[in-house]
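To keep things clear, I will list the structure first and then write my remarks on it.
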Amino acid sequence: VTAWTPRLTAVAALAMMLLASSASAQSSSGRRGSIVIVTGEQPTMPIPTLMEGTAGTIGNQELADQLFLRLAGLGPTLITAGDRGFVPLLARSWTRRDSVTLVFDLDPRARWQDGVPVTSKDVVFTMERARNPAIAPRLAALLHRITSVTAEGDHRVVFSFSEPYAEQLYDATFHAAPLPAHLLDTIPPATLARSGFISQPVGSGPYRLVRTVPDQFVELAANQDFFLGKPKIERVIIRVAADPDARINLLLSGQADAMDNVIPPLDNIPRIKGDTNLRLIPVPSPTVGFLLFNQMDPRNPAQPHPILSDVRVRRAITLGLDRQLLIHAVFGSYAEVPYGPVSSILWIRNGAPKAKRQDTEGAKRLLAAAGWQDSDGDGIRDRNGRPLTLTLSLPTTSAIRRKLGVMIQEQLRPLGIALELQQLEFPLWIERRTSGKFDIDFAGTVQDPTPSGLTQAWTCGGGTNVAKYCDARVDSLLDIAIRGRSKGNPGEPWFAALRQIEDDAPATFLYTPFYVYAVRRHYRNVSIMPGSSWILLREWSDAR
Amino acid sequence: MSGWLVRRALQALLVLAIALTILFFLMRAAPGDPLARASENRPLSSAELATLRARYGLDQPVGRQFAAFVGGLLRGDLGVSIQYARPVTALLAERLPATLLLGGSVLLLNFTVGLWLGVRQAVRRGGLEDRSLTAISLVGYATPSFWLGLVLAWLVGVKLRLLPPAGMQDPLLDLSAGSWLKTADVLRHLVLPVLTLSVVSIAATMRYQRAAMVEVLHLPYIMTARAKGLPERTVIWHHGWRNALFPVITLFGLWLPILVTGSVFVEAVFAWPGLGSLAAAAVWGRDYPVLMGASLLVAALVVAGGFLTDVAYALLDPRVRLG
C-alpha cells in the first residue's frame, strides 16, 4: 500500500490537471462577444407584476429590464416629472388629450420573442394585473391614480388618470413593462408564479433567457430580432456570488468581466486599480442612509419620545456630526452627504441646497437651550436626573453601518451624548424598526427614481413612517410638488419640502453613495444607467 | 435482523418527529420577522405586510401553522419558501447534488488519505515521518477553514490562476461540450473547496486513526500474527486496521450531518451552490419553510449516521449482533 498509493495519487492529479486545462481552454474560446457580470443576488422572479414582497429585489428588476421592454424609458437626466425627459421604447410616441389622458402609440415593429407583434392588448392586460391589489399590492398602490387603460386599435393605448399631476407618464411607463397577453391570459394570476413562463419567459426586450442554473448563474442570449437593433454582445452571463470576497476573486481572476457594488469594502478599489484591464465606473445610486429619530416613546408609543421629541436635540445631533469625515472613512470619495432624504439618483438632488457642515458649538448651544447640562461632571449631559443616553439600533449584516455607528458614537461623546450601539440580527432589527421599538434607527433605503416616494416615509400618514414623524407643512409642500402645479423651476416645490424636513430634523441624513462598477476595458460604448445598472447593455460592444 | 431494522426505523421516525416539533416551535419563539427580507431595501407598508403574511399563512395561530406543516409533510410538501417564492422541495433538490458532491468528496478524501496517513504514523511511531505528520496534522487541525479558503482562493485562484476561485461550473463552457469536459470543469471548481474542508477533517481522522492503531499494534494477537509469519501488510491492514477502525466509524457517523451544515463558510467563500448556504440564508431571513426542510434533512442525516455506524460495527465485529 505504501508503494502504489503515491503513484496512484500522482496519476490522478495529472489526469485532473489535463482535464482541467482542457475545460479551461474550451471556456476561454467562448468568451469573445460575451460578458460575465458577477453580482450578489440571484434573480428568481424577473417577471413584471410578480416582483412583489420578497421577489421585489434589485436582481429581479435588473434581469426583467433585459427581458421586458417598457413603453418608455427614463432619459439620462432621470427626470420623472413631465412628459419630455423620456426615451421611446415600445411606444414610439405619446400625446396628451387633456391633463388627465395620455395616449401612447406603439411601435409597429415591436415583437415578442416568439415573433408575435406587441399590441395594445398586451398593455391593457398587463395594467389590469398590475392595478389589481390582490395580485400586486405594491404596484397597485403605486398606480392608484390610473383610473383606466384602454386599447384603441392594435397600436394605440389610452391611459386615464384620476387627477392632473406631474408624473403621469412615469407612472404609466416605469412600474410595469408589458407582458405577452397571448401567452398569459389563459393562466390565472394566482398560478402564474408557478407556471412554465417563469423559467422560460417570452419578453420583448433585447435579451432572451437561455437558462437559469440556481444559485450559480443566469444565461441570456441576444434577441436577434430586437426591433431597436440587435445587441452587439451576443451572450450575457449574470453570475451569482453572495460573498463579496468570492465576487472580487472572480473578477480579478478573469472569470468575470464586470462587477457591481465594488465597495464595500473600500480596499477593493486599489485592488481593481491594480489591474490595468479593468476600469472603475461610479454611478449615482438610489441608496440613502440616515439616522432616524423616533418621535414617540418606544416603551409607550402613545407618548412623545422623552428626548427626541425635542427638535433642538435632533438638530444638535445632526450639527454635532462631521458627516463628510464619516462617509469618507467608509466610501472614500464615492459618496456625498444628502440634503434631506434624497439619494443621488433623484433628479431633485440637482440644484438642492447643500447639507449643513459640522458645528459642535452650535450643537452644544442647542442642547443647553433644551435644558441638557452636565450637572454631575461625568461627561454626559442630563436633565431632571435623566442622562442624555440614546440607543442606536443597527443590523449586524451591514458592515458600513457597524463601522459608522462606532464613529458616530465617538463624535457624539464630546457633546455629552451617550450613544449605545444595539447591533441586532437583521430580522430582529426589522421587527423592532417596524414596531417602533427604537430610539435612533440606522436606516438604509433604496429609492425609486421618483421623489414622490418621499411621501411614504416623511408624511403623517406615510405607509413606512415608522418613526411617526408628522409635519402638516411637509405634507402640504410634498403634495404641491407631486401635483406639479407651481410655475417656474419644477424642482423648487421639492426644495421647499426638503428645507422643511431638514429644519424639522426627523433624521440625520448621512450618506448617499455612488455605486462603483468594474468593467473590463475591451468593452466599448459602456454606459451604466443609475437605478438599473445593465439596462443599456444592448449598446455595449466587445472590442476583443 | 429484520426486527432490528423495523425497531431502528421506528426509533428514527420518533426522533425525527420530536426534533422537528421542537424546531418548529423554537423557530416561531425566536424573535425576528420572516418578511424582513422583503423590507430590506424598500420598506413595505403595513397593508402590504398584511397581504404577504396572509399569503404565507403567517397570520394564523402557531398551532394551525403546525397542523398545516404536518399535513404538508405527510403529503411530501414542505411548503413554499418565503424568500424564493418557490417550493422548498424543489430548492432542496436543486442544491442537494452540489452538497453531496462537495461533502462526499471531502468524506472520501478524509477516510482514505486520513486513515492511510494515520496507519502509516502508527506503524512508524516515534520516527521522523510520524513526528512530521503529527506536526502537520496539528497545524491542519488548528487552521480555520474560512481563513484557509480565503487564502487558497486568492493564491491559487487569483494570483496563480491555476484553478477557478469560485463557483461550481464555468458558465461560458459551451452547452454542447462533451460530458468529459463538463466533468473536468466541475472537478476544477471542486478542488479548492474540497482541499479547504479536507485539511481540518483529515487532520482529525489521522489523529484518531493513529491513536487507535497504536493501541491495537501492541495487542498480543498482532504479535501472534507476526509470529505465524504472516506478511507485514496482512498483519497491519487485515488484523490491525480492522480492529482499529471503531473510533473512526464513530467519527464517520458524526461527520455525516456536517456534510450539510459544516460547510457554510466554505460554500460562501467559494460561491458553492450547496445546502449549507441555503440553510444559512434561511436562518438569516427567518424563512421558516426552508429552515424546516433543511432541518429535516440534517435530522435525517443524524439518524442515518447512527444507523450506518451500528451496521458497520456489526459487520466488522463478530461479537456485535443486530437483533
Mind checking which residues of region A:321-343 are within 20 Å of A:ASN268 (Cβ to Cβ) and among the polar types (S, T, N, Q)? A:SER333
Here the residues within region A:473-504 that are closer than 15 Å to A:TYR165 by Cβ, among the β-branched types (Val, Ile, Thr) and under 25 Å from the mean Cα position of the chain (by Cα) are A:ILE482
State all residues of region A:78-113 that are among the hydroxyl-bearing types (Ser, Thr, Tyr) and under 18 Å from A:ILE482 (Cα atoms); if no residue qualifies, say none. A:THR80, A:SER99, A:THR101
Give the residues of region A:426-458 that are among the aliphatic types (A, V, I, L, M), outside any helix (DSSP H, G or I) and over 25 Å from A:LEU477 (Cα atoms), sorted by residue number. A:ILE440
Please give the helices (runs of 4 or more DSSP H) falling wholly within region B:234-309 in which 1 or more residues are over 30 Å from B:ALA38 (Cα atoms) and either under 18 Å from the mean Cα position of the chain (by Cα) or not aliphatic (A, V, I, L, M) (or both). B:246-261
Looking only at region B:7-44, which residues are part of a loop (DSSP other than H, G, I, E, B) and buried (at least 18 other Cβ atoms within 10 Å of the Cβ)? B:GLY32, B:ASP33, B:PRO34, B:LEU35, B:ALA36, B:GLU40, B:ARG42, B:PRO43, B:LEU44
One residue is enough: does region B:90-113 have a residue meeting the conditions farther than 30 Å from A:ARG194 by Cβ, buried (at least 20 other Cβ atoms within 10 Å of the Cβ) and touching a Gly at 6+ places or on another chain (Cβ under 7 Å)? no
Exclusive hit being of a type outside the set (Asp, Glu), more than 14 Å from every other protein chain (Cβ to nearest Cβ) and without any contact (Cβ under 8 Å) to a residue 24 or more places away in the chain, set B:ALA225, B:ALA212: B:ALA225
For region B:218-233, which residues satisfy the criterion of being outside any loop (DSSP other than H, G, I, E, B), of a type outside the set (D, E, K, R) and over 16 Å from B:ARG124 (Cα atoms)? B:PRO220, B:TYR221, B:MET223, B:THR224, B:ALA225, B:ALA227
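Yes/no matrix, rows are residues, columns are (1) within 27 Å of A:HIS328 (Cβ to Cβ); (2) basic (Lys, Arg):
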| residue | (1), (2) |
| --- | --- |
| A:ALA497 | no, no |
| A:ASP503 | yes, no |
| A:TYR515 | yes, no |
| A:ARG521 | no, yes |
| A:ILE528 | yes, no |
| A:ILE535 | no, no |
| A:ALA543 | no, no |
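So, of the residues in region A:455-482 that are among the hydroxyl-bearing types (Ser, Thr, Tyr) and without any contact (Cβ under 8 Å) to a residue 60 or more places away in the chain, which turns out to be farthest from the other protein chains (Cβ to nearest Cβ)?
A:SER476
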Return only the number of the condition from (1) within 14 Å of chain A (Cβ to nearest Cβ); (2) aliphatic (A, V, I, L, M); (3) within 30 Å of B:ALA29 (Cβ to Cβ) that B:ILE258 does not satisfy. (1)
Candidate set: region B:73-106, residues that are hydrophobic (A, V, I, L, M, F, W, C) and not in a helix (DSSP H, G or I); chosen: the one farthest from the other protein chains (Cβ to nearest Cβ): B:LEU78
Quick one: how many residues across region A:47-104 are among the β-branched types (Val, Ile, Thr) and under 19 Å from the mean Cα position of the chain (by Cα)? 8
Take the residues in region A:476-533 that are touching a Leu at 6+ places or on another chain (Cβ under 9 Å) and among the aromatic types (Phe, Trp, Tyr), then tell me which one is farthest from A:PRO341 (Cα to Cα). A:TYR517
Looking at this structure, is B:ASP59 exposed (fewer than 15 other Cβ atoms within 10 Å of the Cβ) and at pLDDT 80 or above? yes
Checked region A:457-501 for anything crowded, with 21+ Cβ neighbours inside 10 Å, touching a Gly at 6+ places or on another chain (Cβ under 9 Å) and farther than 22 Å from A:ASP83 by Cα; matches are A:ALA457, A:TRP458, A:VAL466, A:ALA467, A:TYR469, A:ALA497, A:LEU498, A:ILE501
Looking at region A:405-454, which of its residues are over 29 Å from A:TRP494 (Cα atoms), touching a residue at least 24 places away in the same chain (Cβ under 8 Å), in contact with a Gly (Cβ under 9 Å, 6 or more places away or on another chain) and among the charged types (D, E, K, R)? A:ARG413, A:GLU425
Matching residues in region A:396-428 (under 16 Å from A:VAL330 (Cβ atoms), crowded, with 19+ Cβ neighbours inside 10 Å and not β-branched (Val, Ile, Thr)) number 4
Unmet requirement for B:ALA36, which otherwise passes all of (1) within 11 Å of chain A (Cβ to nearest Cβ); (2) touching a strand residue (DSSP E or B) at 6+ places or on another chain (Cβ under 8 Å); (3) touching a residue at least 12 places away in the same chain (Cβ under 8 Å): (2)
Using beta carbons and a limit of 7 Å, which pairs, at least six apart or on different chains, have the first residue in region B:295-319 and surrounded by fewer than 16 Cβ atoms within 10 Å (Cβ to Cβ) and the second one modelled with pLDDT of 80 or more? B:LEU316/B:ARG242; B:LEU316/B:LEU245
If you check A:ARG271 against the conditions, is it among the basic types (Lys, Arg) and either in a loop (DSSP other than H, G, I, E, B) or under 18 Å from B:GLN169 (Cα atoms) (or both)? no
Which condition does B:ARG120 not pass, out of (1) over 22 Å from B:LEU217 (Cβ atoms); (2) assigned to a helix (DSSP H, G or I); (3) at the interface with chain A (Cβ under 8 Å from one of its Cβ atoms), if it passes all the others? (1)
Within region B:123-167, residues being assigned to a loop (DSSP other than H, G, I, E, B) and over 25 Å from B:LEU187 (Cα atoms) number 4
Pull up region A:125-141, narrow it to residues that are crowded, with 18+ Cβ neighbours inside 10 Å and without any contact (Cβ under 8 Å) to a residue 60 or more places away in the chain, then point me to the one that is nearest to A:LEU183 (Cα to Cα). A:MET127
Failed item in (1) more than 9 Å from chain A (Cβ to nearest Cβ); (2) surrounded by 23 or more Cβ atoms within 10 Å (Cβ to Cβ), with B:ALA153 passing the rest: (1)
Criterion: within 14 Å of another protein chain (Cβ to nearest Cβ), at pLDDT 95 or above and in a loop (DSSP other than H, G, I, E, B) - qualifying residue of A:ILE233, A:ILE238, A:ILE198: A:ILE233
Exactly one of A:ALA302, A:ALA242, A:ALA256, A:ALA221 is crowded, with 19+ Cβ neighbours inside 10 Å and small (Gly, Ala, Ser), and that one is A:ALA256
Yes or no: region A:340-354 includes at least one residue that is of a type in the set (A, V, I, L, M, F, W, C), closer than 30 Å to A:ASP448 by Cα and out of contact with any Leu (no Cβ under 7 Å at 6 or more places or on another chain). yes
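The values are calculated or read from the model by the stated rules, or taken from the named source; none is laboratory data. In this text, all values refer to a predicted model and were calculated from it rather than measured experimentally. Note that each Cβ is placed from the backbone with ideal geometry, even for glycine, and that neighbours are counted across all protein chains shown.
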